[in-house]
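Written out below as structure tokens is the structure these notes cover.
The values are calculated or read from the model by the stated rules, or taken from the named source; none is laboratory data. Quick caveat: nothing in here was measured; it's all calculated off a predicted structure. Note that each Cβ is placed from the backbone with ideal geometry, even for glycine, and that neighbours are counted across all protein chains shown.
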Amino acid sequence: MKKFFLFTCMLFSFLFMKAQQTATTDTLKKALAKATDINEKANLLDNLSRILMNVNPTEAEMYGEQLITLAEESRDRELMVKAYQSNGTRCMYFATQQKFASRSIEYYNKALTIAKQNKMEEKIGEVQLQLSNINLLMVEKDKALSYANQAFSLISTLSNDSLLAEAHNCFGRIYISRNEKTLALRHFFNAVRIAEDIKAGKSLKANLLRNGYLNLSAFYSGIEDYDKAIDYSTKAYKQLDNMSEKNVPFQRAIDINNLGNLFAAKKNNDIAISYFERSVRMADSLKFPSLKVPAYISILNQYLRVDEPAKALNYLNSPSGKQLKSYLVNFGMSAACDQAYGYTYAEMGQYDSARIYFDRAFPFFDKSTNETNKVSFYRQLAGFYKKSGETKKAIEYFIKVKEIGEAKGMLEYVRNAAKNLDSLYLKSGDLKTANLYNVVYYQYKDSIDKLNKENELAQIEALDEQQRLDRKLAEEVEAKEKRNRIQYMGIVIAIAALFIGLVMMGWFKVSANTIRAIGFFAFLLFFEFIFLVFKKNIYGLTKGEPMYDLLFMIALAAILVPLHHWLEHKVIHFLTSHHMLRLRGIFSKKTG
């Protein structure tokens, strides 16, 4: 496979999706020193601990522990739950490392225990969703689904639409991992529908819509419909305009980088590079060096994606590459740098250099990362040994790739490993074992081909689902317009009936005061109806601008109000005058 992806790319994508404050740490530290209110202190410690995970993990750990101590000493159960949640989220940023993933789960379980003991139902559902997310990152799909089911069964009984939307998003991500794409799509659409209908503040609504659009973008990217993926990613980017969080400028840089990766997947390579470079410039303008790292990783991946390892090596040795390496070393992930060098040198055929770097990286990936990163590293290592002619070691690591792939449902890894094992055993003269892996290869090839066909079906189903939702929306709009037409017709009939009744009163012996009262109400209703009609149809002229709306309504009132009073006076005067009485007398004689 001619692609190399540093796992930190996933780390950053997840990190900056979260809505957190991104004011400078110095500002937050000064505010913390002055804070006297316990809730204010807790919020500042929460923000500091999470931001510093992206700058200085050791310092982040210190503030995270301070937050827990503050909450525990307060004996405020809600604050205690929030403190453990905050630390769970902080550790989840590095879920690709086993120790951080385990600690994240530990913190979330403590939060869940406190929430259950104190019957905090919303918090129980919220933490269960977080546990579902972390288990999904660890490729524990059954556990993730179990937590999501528990959360949904509780959240569906509550009046919290934002949690309900997140539950649907959570289900969608789980069903994608289980290759149940139609179910995933329906959950994502449900999440967006809830976000559209929610009665909440502008910023919260935008955040919910944004999350839904990002998930839909990931869905369409997964079925290789990159145009729709870019469409939804762009929609998510535009929602930042409606959000009030301080991290919005920082999130823009991350979104631009993510859009670049979608253009890269679509093979619009020049556009992709321009987006990566734009993301770097945005990070520079914000004076936030760590924010450049995702774009640096994307540029490195792009050179390897298009089979230009020499350019990748030059980039690693450039000032940008040195910043990337410095960042990774600072976070205790120097092995990722060694992995990058090892893979790049192997692609260039410089096997002695590649071996040095792969050997350096091995202990970290073998002992400290989750299964997803471990199997990726093993496959790269096995490919290196195959290219360098070390057949036995290549076989050893392709077998490990196959075993992890089978255990975690990673079909592509199993197929690739079986194909390589077939050729390696054939090369070593073991025809029986080669034939065995040949059978395995075709079994998984058929499974993957079937899934690819399902991807095509998923695209059709996705289009059908979108059309179904569009039809439903159109039907709702039509039903509303029909109700409005019926109401307008009813109002017109009522006004007409009032005026007919008013005229009839002039023919019969009805007191002048009664005629004036009915006339006042009839004319009031008639002219207010005229106002209503104009108000509903002036949008094409004013485009909803309050100042233009006001000026138009003033001009309309200047015409209609005097007309209303003049016409009402004339008609009522006529109906109660002697002229009307004479007409009534003449009519009575004729009929007599």
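Yes or no, residue by residue, for (1) among the aliphatic types (A, V, I, L, M); (2) within 24 Å of Arg178 (Cα to Cα); (3) surrounded by fewer than 20 Cβ atoms within 10 Å (Cβ to Cβ):
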residue	(1), (2), (3)
Ser86	no, no, no
Tyr93	no, yes, no
Thr113	no, no, yes
Asn135	no, yes, no
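For the range 350-363, enumerate the residues that are over 29 Å from Leu426 (Cβ atoms) and either in contact (Cβ under 8 Å) with a residue 60 or more places away in the chain or buried (at least 20 other Cβ atoms within 10 Å of the Cβ) (or both). Scanning the range 350-363 gives Tyr357, Ala361. Residues in the range 56-70 that are among the aliphatic types (A, V, I, L, M) and surrounded by 16 or more Cβ atoms within 10 Å (Cβ to Cβ): Ala60, Leu67, Ile68, Leu70. All of Leu313, Leu304 fail the test of being under 30 Å from Lys267 (Cα atoms), without any contact (Cβ under 8 Å) to a residue 40 or more places away in the chain and in the same structural domain as Glu277 (by TED's automatic domain parsing), apart from Leu313. Every listed requirement among (1) without any contact (Cβ under 8 Å) to a residue 60 or more places away in the chain; (2) more than 20 Å from Glu121 (Cβ to Cβ); (3) outside any helix (DSSP H, G or I) is met by Phe188 save one, (3). If you go through the range 289-347 and keep only what is under 24 Å from Asn56 (Cα atoms) and among the charged types (D, E, K, R), you end up with Lys292, Lys322, Lys325, Asp338. Within the range 379-394, is even one residue touching a residue at least 40 places away in the same chain (Cβ under 8 Å) and within 25 Å of Phe94 (Cβ to Cβ)? Scanning the range 379-394 turns up at least one residue that is touching a residue at least 40 places away in the same chain (Cβ under 8 Å) and within 25 Å of Phe94 (Cβ to Cβ).
Residue-by-condition table, conditions (1) over 24 Å from the mean Cα position of the chain (by Cα); (2) over 19 Å from Leu214 (Cβ atoms); (3) surrounded by 15 or more Cβ atoms within 10 Å (Cβ to Cβ); (4) touching a residue at least 24 places away in the same chain (Cβ under 8 Å):
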site	(1), (2), (3), (4)
Phe263	no, no, yes, yes
Ser279	no, no, yes, yes
Met282	no, no, yes, yes
Tyr296	no, yes, yes, yes
Ser318	yes, yes, no, no
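Can you tell which of Ala407, Ala418 is part of a helix (DSSP H, G or I) and over 21 Å from Ser177 (Cβ atoms)?
Values: Ala407 fails: over 21 Å from Ser177 (Cβ atoms).
Answer to the check: Ala418.
Only residues that are over 20 Å from Asn268 (Cα atoms), of a type in the set (A, V, I, L, M, F, W, C) and not in a helix (DSSP H, G or I) were counted in the range 191-228, giving 2.
Matching residues to (1) over 24 Å from Arg281 (Cα atoms); (2) without any contact (Cβ under 8 Å) to a residue 24 or more places away in the chain; (3) basic (Lys, Arg):
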position: Ile155; (1), (2), (3): yes, no, no
position: Ala165; (1), (2), (3): yes, no, no
position: Asn179; (1), (2), (3): yes, no, no
position: Ala195; (1), (2), (3): yes, no, no
position: Arg210; (1), (2), (3): no, no, yes
position: Ile223; (1), (2), (3): yes, no, no
position: Tyr232; (1), (2), (3): no, yes, no
position: Asn258; (1), (2), (3): no, no, no
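Among Asn109, Asn169, Asn160, which is without any contact (Cβ under 8 Å) to a residue 40 or more places away in the chain, under 21 Å from Asn207 (Cβ atoms) and out of contact with any Cys (no Cβ under 9 Å at 6 or more places or on another chain)? Give the derivation first.
Values: Asn109 fails: under 21 Å from Asn207 (Cβ atoms); Asn169 fails: without any contact (Cβ under 8 Å) to a residue 40 or more places away in the chain.
After applying the criteria, what remains is Asn160.
In the range 240-251, what residues are surrounded by fewer than 17 Cβ atoms within 10 Å (Cβ to Cβ) and more than 16 Å from Lys202 (Cα to Cα)? Pro249, the sole residue that qualifies.
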